[in-house]
1. Please work out if B:Arg351 is within 23 Å of B:Val270 (Cβ to Cβ), open to solvent by 40 Å² or more (accessible area, probe 1.4 Å) and among the charged types (D, E, K, R).
2. Report the residue count in the stretch A:115-125 for those that are within 14 Å of chain B (Cβ to nearest Cβ) and either open to solvent by 40 Å² or more (accessible area, probe 1.4 Å) or under 26 Å from the mean Cα position of the chain (by Cα) (or both).
3. With A:Gly269, A:Gly235 as the choices, which residue is of a type outside the set (D, E, K, R), out of contact with any strand residue (DSSP E or B) (no Cβ under 6 Å at 6 or more places or on another chain) and either on the phi > 0 side of the Ramachandran plot or part of a helix (DSSP H, G or I) (or both)?
4. Can you pull out every residue in the stretch B:172-182 that is of a type outside the set (Asp, Glu) and either open to solvent by 10 Å² or more (accessible area, probe 1.4 Å) or farther than 23 Å from B:Val348 by Cα (or both)?
5. Is it the case that A:Ala318 is more than 26 Å from A:Val356 (Cα to Cα), touching a residue at least 60 places away in the same chain (Cβ under 8 Å) and not in a strand (DSSP E or B)?
6. If you check B:Asp67 against the conditions, is it in contact (Cβ under 8 Å) with a residue 40 or more places away in the chain, open to solvent by less than 20 Å² (accessible area, probe 1.4 Å) and among the acidic types (Asp, Glu)?
7. How about the stretch A:138-157: which of its residues are within 14 Å of another protein chain (Cβ to nearest Cβ) and open to solvent by 10 Å² or more (accessible area, probe 1.4 Å)?
8. Report the residue count in the stretch A:362-391 for those that are in a helix (DSSP H, G or I), exposed (fewer than 15 other Cβ atoms within 10 Å of the Cβ) and of a type outside the set (Asp, Glu).
Number of protein chains: 2
Amino acid sequence: MALIVQKFGGTSVGTVERIEQVAEKVKKFRENGDDIVVVVSAMSGETNRLIALAKQIDEQPHARELDVMISTGEQVTIALLAMALNKRGVPAVSYTGNQVRILTDSAFNKARILQIDDRKLRAELKAGRVVVVAGFQGVDEQGNITTLGRGGSDTTGVALAAALKADECQIYTDVDGVYTTDPRVVPQARRMDKITFEEMLEMASLGSKVLQIRSVEFAGKYNVPLRVLHSFQEGPGTLITLDEEESMEQPIISGIAFNRDEAKLTIRGVPDNPGVAFKILGPISAANIEVDMIVQNVAHDNTTDFTFTVHRNDYQNAHAVLENTAREIGAREVVGDVKIAKVSIVGVGMRSHAGVASRMFESLAKESINIQMISTSEIKVSVVIEEKYLELAVRALHTAFELDAPSRPGNEE
Amino acid sequence: MALIVQKFGGTSVGTVERIEQVAEKVKKFRENGDDIVVVVSAMSGETNRLIALAKQIDEQPHARELDVMISTGEQVTIALLAMALNKRGVPAVSYTGNQVRILTDSAFNKARILQIDDRKLRAELKAGRVVVVAGFQGVDEQGNITTLGRGGSDTTGVALAAALKADECQIYTDVDGVYTTDPRVVPQARRMDKITFEEMLEMASLGSKVLQIRSVEFAGKYNVPLRVLHSFQEGPGTLITLDEEESMEQPIISGIAFNRDEAKLTIRGVPDNPGVAFKILGPISAANIEVDMIVQNVAHDNTTDFTFTVHRNDYQNAHAVLENTAREIGAREVVGDVKIAKVSIVGVGMRSHAGVASRMFESLAKESINIQMISTSEIKVSVVIEEKYLELAVRALHTAFELDAPSRPGNEE
């Protein structure tokens, strides 16, 4: 007898047939005696359909009204799933974000959850009902409908689990867990049984698309055990927890993440004065461009080179901003490259093991892969390399850090 | 400077283009200095699409959940219209039934409005905003989403107008007003400038589909001036008011309504005992069949004939119920006919004029149309005739009561 929050994304509820399958799954948990809160997204394609409709009226739709509109996507799904459960003799009731009262700030289209009123949910659970909650949405202090931004349903799931002190928050998706790296690149990639919040955060921020970063942060903050599972296959999935001690043989590196979405920009011959980093990044930030890695080497002849990465979509824009800055501060030139890739090794184990970075660099050197940028954190080392070497680098590192599975995984059924 | 509630139905907001046209219309009223509350339905076809989706899950969808689902139709429209208004520089804000707080009872799919909180609406109007409210929906005491049943958006409009003490509630539709009878049957039919609530109620209950009966009742009860107008043509429409004195030359008959949806059933040779009417209609009512006209003649040889009409869809069912009853009470036989039509003359003027019914009967007799049943109210006389004579009867009565227009109307633009 546990209290479980289960979140099903848009693909898992994309058709009536899939909603019926989800209902079957929930029914089994109920028959086990578990109390269940289900969080669902809009049926896949629905949010895009609604946004397209809004854009027919206004290319820049009014932010408040857009939330009124797109929140209907989840509202349809909760009703359908509650119907499917009731049809099966499983008492169920649907709740919109407003009905639960998932209180958010008023940042329409990208609101943040402030507080969840758990009273109605607890009363429904006590009455023996499955509660089906609309993901992605909430309501502000004034009663305006808000949405949490793309992928916000994961966050809703975790926030509900935290508010209800659930035993587990299960995120159902189209993969059967979190892998040591992308199996499409490395066939020997393994599903991890367990990973820490910190590692998952690094994996997610580095391009592993299994979970939304915000939801992992949230889960870590409130210590909500999070499990990634396949919607329509059996299996234990991957458990994401705080507890890094439990497993005795923690590997040094848990996984290898990578990302091809970035581009790098370098401003050369920058006069080495105090405040110059702000002069360079201030205008970039003012143009709403997010910066990922930043590298500045020690000065040489009183000038220095300053390099950073941005999303590829922002490259042209960032380049133009930087040209201006270069003129203003008297830098020599601006150069850039979009054909780069970032590869990162992630693992809480590296905290207590020296030499992890050097083993990474050695392994890349063996393959004659040149490293363009390096950045490190407590549990991560990232390098930027030429894009064409990406697959080679990931496979080499996967082997070097002993992550390879004996045979091809993913056929567990 | 007036406060006007404007209601646009599903066809009037059926496409993005039409929503833009509605926004233009609302903008003009705002530029006139009027305060505007707009009530909209779901885009035409949307409610049916949602119901079909629900029926894929369950042929008898859970009533509460069906309301959660179909209420999204209006929610999409309010957002789109508010966007279209804001785009035009007309400050506008959308409100769901729950956000206004249109409090209803908990009769899902057919809820009735209990109370409307006008505070938020008044604040928005005071701040210079057009308020776009979702028709057809409300919320019960427990916070469950409810819908008012088909056509409920008219009722929402009238209820809001009553709560706000609006100067007028304008119902925009696909006809340019209320006609003396159906122009498809009588080309000389005239648009009425004015009609009383009572007359409109009789016209509506007799098959004139311009307005929903509940909304007319509501408007009459709270004395909300109601105007029927064409969504996309200019024109004064038809005003529906309490005030029957204002117009000096009130015609005796305002209009002629008709209805082909009914069937008649007769139970013959019923022993003429007290309580027999209940014995006949009790089981019909228990089978959820609604009865319209009821006629019982004086007894003859201690037996009587009892005739009533039901909706044609209920004919088979009612016939079976009646066969049972006939056996139980010892009646002679059950006969029936679906090929009937009901024709009614309606007008508050007939209260003070004798001979209206006889003029009607005379006019039908001249055309050799046999009258099968008669029923009367203070402002209406209805007859049932053979269906094939319907058009003939309506045209004859339209002429006899001097309702014909000099020429074909409807080309006022």
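The values are calculated or read from the model by the stated rules, or taken from the named source; none is laboratory data. What you see is a predicted model; the values in this text were computed from it and never measured. With ideal geometry, Cβ positions are generated from the backbone for all residues, glycine too; neighbour counts draw on all protein chains shown. When the accessible area is computed, the model is the full protein with side chains, heavy atoms only, and any ligands, DNA or RNA have been set aside. Shrake-Rupley method; radii C 1.70, N 1.55, O 1.52, S 1.80 Å.
1. no
2. Total satisfying the criteria: 4.
3. Among A:Gly269, A:Gly235, only A:Gly235 is of a type outside the set (D, E, K, R), out of contact with any strand residue (DSSP E or B) (no Cβ under 6 Å at 6 or more places or on another chain) and either on the phi > 0 side of the Ramachandran plot or part of a helix (DSSP H, G or I) (or both).
4. Within the stretch B:172-182, B:Tyr172, B:Thr173, B:Val175, B:Tyr179 meet the criteria.
5. no
6. yes
7. Listed by number, the residues that qualify are A:Glu141, A:Gln142, A:Gly143, A:Asn144, A:Ile145.
8. 3
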